[in-house]
Amino acid sequence: MAMGFLSAKTARLSATMGQVPRLAGLWTNLRPSLIWTSLVLLLMLFCWAGLLDVLERERREQEADALKEAEVLARTYAGHLYRSLESIDQITLYIKHGWETSNGTIRLEKVAPEGLYPTDSGLYLSIIDRRGDLVTTTIPFPSKVNIAGQPYFTLHLARDGEFYVGAPQIGPFSRKPIIPFSRRLSDRDGGFSGVVVLSAQPQYFIAGYDKLTLGRHGLLAITNPDGSPRIVRVGDEVYLPENQPFRSNPVFDSRSGSRLLPGIDWFKDGRSRYVAWQVTERYPMMALAGVDQDSFLSPFLKRRQQIVSTAALVSVGVLAILALVIALSLRLARRQQELATIQHTYRIATEAANEGFYIAEPVHDSRGNMTDFKIIDCNHRGADFLRHRRDDLVGKKVSEVYQGETRDFILEVLKRAMINRHYEGEIDLGGLGGEGPRWAQLRILRPESNLAVNMRDISDTKTHVAELQRIGNEDALTGLPNRHWLNGFLPDALKAAVHSRKKFALLYLDLDGFKSVNDSKGHEAGDEVLCHAARRLREAVRPEDRVVRLGGDEFLVILENLAGSRDAAHVADRIQEAFRPPFRITKGVHSVGASIGIAVAPKDGQDSDTLLKHADSAMYAVKKAGKRGYRFFDISVAEEESSREALMREMQHALDYDQFIMYYQPRVDTGNGHTCGLEALVRWVHPVRGLMEPLEFIPLAEETGLIVRLGEQVIKKVISQLAYWSKSGYPLVPVSINVSVRQLEGGSLADTLSVWLRSCRIDPSLVEIEVTEASVARHGADVLQTLAAIQNMGIKLVLDDFGTGYSSLSQLQEMDFDMIKVDHTFAARLEDSEQGTALFNAIITMAHSLDMRVVAEGVETRQQASTLRALGCDEIQGFLVSPPLPPAEHPPTPPVTLPAPA
Ligand SMILES: Nc1nc2c(ncn2[C@@H]2O[C@H](COP(=O)(O)OP(=O)(O)OP(=O)(O)O)[C@@H](O)[C@H]2O)c(=O)[nH]1
């Protein structure tokens with residue numbers, strides 16, 4: 001049912017707060033790293049673009065350089081070609097002139113070629129006659145061929161005056177590749193008389209190929225102005241027109257220039273070349289120079305390759321780093337998202353709970369010290385705890401929320417939790433003012449870098465505990481602090497006083513004659529007196545002094561910061577004065593005094609137990625000295641106390657070592673003089689002090705509680721004795737055992753008796769229990785219950801010391817005793833006065849009317865016995881019959897001859 005309610009509430013809250021948009025959350029967490037990644041990518045692209053641009057520009061510069069170099073080469077080569085053609089032209093002119101002036105008689109074989117052209121130039125001169133036959137030549141072994149069909153012969157035959165440059169061909173005389181240069185020879189009439197031909201080996205024109213500059217793939221060529229090649233050299237290879245390296249004739253639209261001829265379009269070897277061209281002066285020839293692109297750009301391309309490789313490597317590295325960053329960011333974002341989801345879920349859950357929940361983040365100063373905490377999240381309940389609205393609280397610093405000591409406390413606690421990762425305690429929120437819980441249970445955990453703080457309202461519990469504490473520390477009757485409070489207060493207060501060397505006094509007070517109020521007017525009257533006494537005590541001391549009710553009619557006054565012992569005496573005087581007037585209560589007026597024992601610290605004790613004990617001892621001494629007064633603890637009190645303590649220790653020892661024995665005093669039936677019962681009386685066989693009477697140790701045994709143990713031993717001894725006599729075959733008479741009120745209060749007396757009677761197989765009717773008037777007068781419900789239980793077992797109850805003033809006749813009526821033992825003082829008074837006899841008579845009459853037997857105690861004379869017999873007293877006990885006798889083989893049954901009734 002409760003779960004159902006909770007989940008419904010959670011669902012409602014969840015609906016109002018909305019689901020966490022998962023993707024949006026993931027995106028939010030991932031966004032910074034994606035932005036950074038994009039920026040880095042952009043930068044990288046930018047760098048690449050810049051680098052490629054620079055490289056491209058450099059490439060273009062390289063190409064420009066290549067073109068320039070080709071142009072220089074082409075120009076140089078064209079100049080060289082021009083000079084060669086000119087000199088060839090000169091030679092043909094010279095020969096023409098010689099031929100024509102010698103009238104056809106010049107013989108070239110004789111004309112030393114030296115001077116005309118270098119002999120190793122591979123040039124040959126030939127003269128052809130008008131029919132086309134060779135006339136003379138510098139060729140060593142010319143073939144006999146008619147060249148009338150040669151183009152230059154046909155041209156010169158038709159026209160005059162031109163210097164003819166032919167295409168490369170196989171020379172008709174030399175049968176080697178040549179380029180023919182020719183002029184027309186004329187006779188005197190100007191008619192055609194032949195042709196002078198200068199044959200040059202094609203290599204002659206391309207001998208200027210500079211391998212160092214042009215490399216293995218450079219190009220040098222001579223072409224006609226239309227681009228058709230005459231001779232081409234590529235590296236070491238020389239190409240003639242019929243076997244040229246061009247795919248098609250390069251065509252140029254200017255006399256000089258340069259450009260890149262892509263290998264794929266222009267060259268059979270497929271290599272691209274920067275080609276420059278230059279038409280020679282005067283001669284219809286064009287010089288070409290080509291720089292191989294790959295060879296020229298190779299260093300640049302190599303360098304570019306290196307640069308690009310390095311850049312690519314760097315880029316790959318950067319990309320790898322980016323990929324790593326993205327992967328990590330994605331993982332982190334996922335974790336943050338998961339964390340946010342958990343936080344969100346937790347908050348929904350905490351919203352449904354009744355507890356305050358916060359997440360606090362540490363705030364550091366510029367030096368890195370943790371100085372404060374910021375509340376980064378909380379639930380509504382948490383905001384209520386701190387008297388805020390949630391929206392206002394989130395984002396605030398802790399120091400802005402709390403003030404004063406609470407702020408210092410909470411900051412300290414949070415710092416401690418940061419170090420220890422955990423803190424648990426309580427916090428007082430009262431300082432925050434406003435409406436909200438006063439006390440909270442604080443629980444702080446540090447899962448990671450922030451703190452998770454949890455607060456639970458414990459105001460009710462605190463109030464309850466405070467109330468319980470108050471009740472536990474307060475005496476319900478008088479409203480004064482009680483012994484429980486004293487136990488908590490005294491040790492610390494005393495320690496502080498001793499430490500600060502201040503005097504400190506305890507006034508132990510016990511009312512005098514208080515019991516008689518209870519006895520005569522009842523318990524309520526006694527209570528009234530106690531309340532009055534408490535009030536008078538409070539009024540008699542200073543407000544800062546403390547008055548404690550220790551229990552019963554005992555009080556304690558605590559005086560701190562005493563100037564001296566005299567002050568304590570003054571206070572005791574004032575108390576005595578306060579108790580002088582009688583107490584007016586509902587049921588009359590009662591005079592109750594006070595006995596006060598004073599102990600002063602540190603002189604009389606430095607710890608609370610000692611000081612209390614000494615004050616008690618001093619009070620005890622006042623009681624013994626006659627009551628109504630005060631006295632300080634001193635050496636004589638201490639001595640008395642120590643002798644009591646010594647006796648107590650000895651008694652304990654005696655109980656351990658079985659030093660107690662039983663005496664038995666017979667009772668005699670006044671009718672026949674036979675022993676009709678025995679009273680068991682305890683004696684202490686003290687190893688030093690000798691045989692001790694009960695009066696010497698029973699009061700102390702009562703006071704210290706040892707009476708309970710002693711009482712048990714007595715019961716055991718008596719019943720065992722009865723068993724022994726029984727086994728020995730002696731006739732048994734009932735034996736009465738005295739028990740103290742302490743034994744009756746304990747509640748175990750009936751059991752003890754039952755156990756021993758059963759184990760010793762003694763009939764309960766052989767045992768009687770004697771209780772004093774005093775113990776019955778103070779009876780509580782438990783005492784009466786115990787007595788009833790004993791009686792129900794078949795054990796007779798005897799009221800001892802009757803007439804000592806504790807119980808009235810009417811009280812006696814209420815109690816169902818089997819026998820009363822009249823106090824020995826009554827027997828003594830029998831002989832003194834008639835009144836004594838009358839009184840005894842009245843007692844006997846009254847007891848008999850209540851169906852109780854009467855035993856006269858302390859009968860010592862025959863006269864007393866006679867009177868008692870006459871009065872109808874059932875039994876007598878006393879020295880006349882027998883003093884108490886030690887245990888013997890048989891029960892003490894002395895024969896008594898009773899006098900005749902008086
Ligand atoms: N009315 C009443 N009586 C109590 C209360 N507590 C204890 N008593 C009784 O107070 C009495 C205190 O006993 P005593 O101090 O021996 O009596 P007393 O007559 O003052 O004896 P002295 O101190 O020797 O003068 C006992 O009879 C207790 O039963 C109580 O709360 N109310």
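So, by mean Cβ neighbours within 10 angstrom, what's the order for 654-665, 270-281 with the highest one leading?
Sorting 654-665, 270-281 by mean packing, highest first, produces 270-281, 654-665.
What does the convex hull of the alpha-carbon atoms of region 650-877 project to on average, in nm²?
12.9 nm²
Using a 10 Å cut-off around each Cβ, can you sort Ser126, Ser248 from fewest to most neighbouring Cβ atoms?
Exposure proxy ranking, most exposed first: Ser248, Ser126.
Gap in Å between the Cα centre of region 288-331 and the Cα centre of region 429-455?
Answer, in whole Å: 61.
Mean Kyte-Doolittle of at least -1.0 plus a Cα span of 18 Å or more along the axis: flag which DSSP H helices in the chain meet both, please. Working shown, then result.
Numbers: long enough: 2-17 (22 Å, 0.60); 22-101 (113 Å, 0.04); 293-352 (82 Å, 0.46); 404-420 (24 Å, -0.04); 459-473 (20 Å, -0.93); 483-499 (24 Å, -0.05); 523-540 (25 Å, -0.71); 565-578 (20 Å, -0.79); 608-624 (24 Å, -0.38); 635-656 (31 Å, -0.62); 706-728 (33 Å, 0.33); 834-849 (22 Å, 0.41).
Answer set is 2-17, 22-101, 293-352, 404-420, 459-473, 483-499, 523-540, 565-578, 608-624, 635-656, 706-728, 834-849.
Please rank Met846, Met455, fewest neighbouring Cβ atoms within 10 Å first, as an exposure proxy.
On the way: Met846 15, Met455 24.
Exposure proxy ranking, most exposed first: Met846, Met455.
At q = 0.11, 0.19, 0.26 Å⁻¹, what log₁₀ I(q)/I(0) does a Debye calculation on the Cα points of region 30-118 give, no solvent, two decimals?
Summing over Cα pairs of region 30-118 leads to -0.63, -0.94, -1.17.
Using only the Cα atoms of region 309-375, what are the Rg and Dmax in Å?
Computed over the Cα atoms of region 309-375, radius of gyration and Dmax are 20.4, 66 Å.
Taking Cα centroids, how far is region 841-867 from region 502-576 in Å?
The two parts, judged by their Cα centres, are 44 Å apart.
Among 573-586, 864-877, how do they line up from the highest to the lowest mean number of other beta-carbon atoms within 10 Å?
Sorting 573-586, 864-877 by mean packing, highest first, produces 864-877, 573-586.
Where does the charge balance sit around Lys397 when Lys and Arg score +1, Asp and Glu -1, over other residues with C-beta under 11 Å from its C-beta?
That works out to 0.
Starting with the highest mean, order 710-720, 696-706 by the number of other Cβ atoms within 10 Å, averaged over the residues of each peptide.
In decreasing order of mean packing, 710-720, 696-706 become 710-720, 696-706.
From the convex hull of the Cα coordinates of the chain, what is the mean projected area in square nanometres? List each step's numbers first, then the result.
Working: hull surface 328.3 nm².
Average of the hull's projected areas for the chain equals 82.1 nm².
For region 354-463, would you read off the P(r) tail past 16 Å as a percentage of all alpha carbon pairs? Present the calculation step by step, with values, prior to reporting the outcome.
Details: 3354 of 5995 pairs.
Taking all Cα-Cα pairs of region 354-463, the fraction more than 16 Å apart is 56 percent.
Under a straight-distance cross-link criterion of Cα-Cα below 20 Å, which aspartates and glutamates are reachable from Lys503, leaving out those fewer than 8 residues away in the same chain?
Qualifying aspartates and glutamates at Cα under 20 Å: Asp492, Glu544, Asp545, Glu560, Asp567, Asp573, Asp604, Asp607, Asp609, Asp616, Asp634.
In the neighborhood of Asp492, defined by Cβ-to-Cβ distances under 12 Å, what is the net charge if each Lys or Arg adds +1 and each Asp or Glu adds -1?
Taking every other residue near Asp492 into account, the sum is -1.
On each of the three principal axes of the Cα atoms of region 515-612, give max minus min coordinate, whole Å, ordered largest first.
43, 24, 19
On a 20 Å Cα-Cα criterion, which of the cross-link pairs Lys515/Lys627; Lys796/Lys821; Lys521/Lys624 come out too long?
Where the Cα-Cα span goes over 20 Å, the pairs concerned are Lys521/Lys624.
Hey, got a sec? Which GluC sites (Glu not before Pro) in region 514-566 land in a DSSP loop and have at most 16 other Cβ atoms within 10 Å?
Counting only loop positions with at most 16 other Cβ atoms within 10 Å, the GluC sites (Glu not before Pro) in region 514-566 are Glu544.
For region 243-334, state the semi-axes of the equivalent ellipsoid (square roots of 5 times the eigenvalues of the alpha-carbon gyration tensor), sorted largest first and rounded to whole angstrom.
Listed largest to smallest, the semi-axes of region 243-334 are 52, 13, 11 Å.
Can you check what the net charge comes to around Asn146, using other residues whose Cβ is under 14 Å from the Cβ of Asn146 (Lys, Arg +1; Asp, Glu -1)?
The answer is +1.
Rule-based calculations on the coordinates, nothing more; no lab input. Owing to the predicted nature of the structure, the values given are computational and were not obtained by experimental measurement. Here the Cβ is made from the backbone with ideal geometry for all residues, glycine too, and neighbour counts use every protein chain on show.
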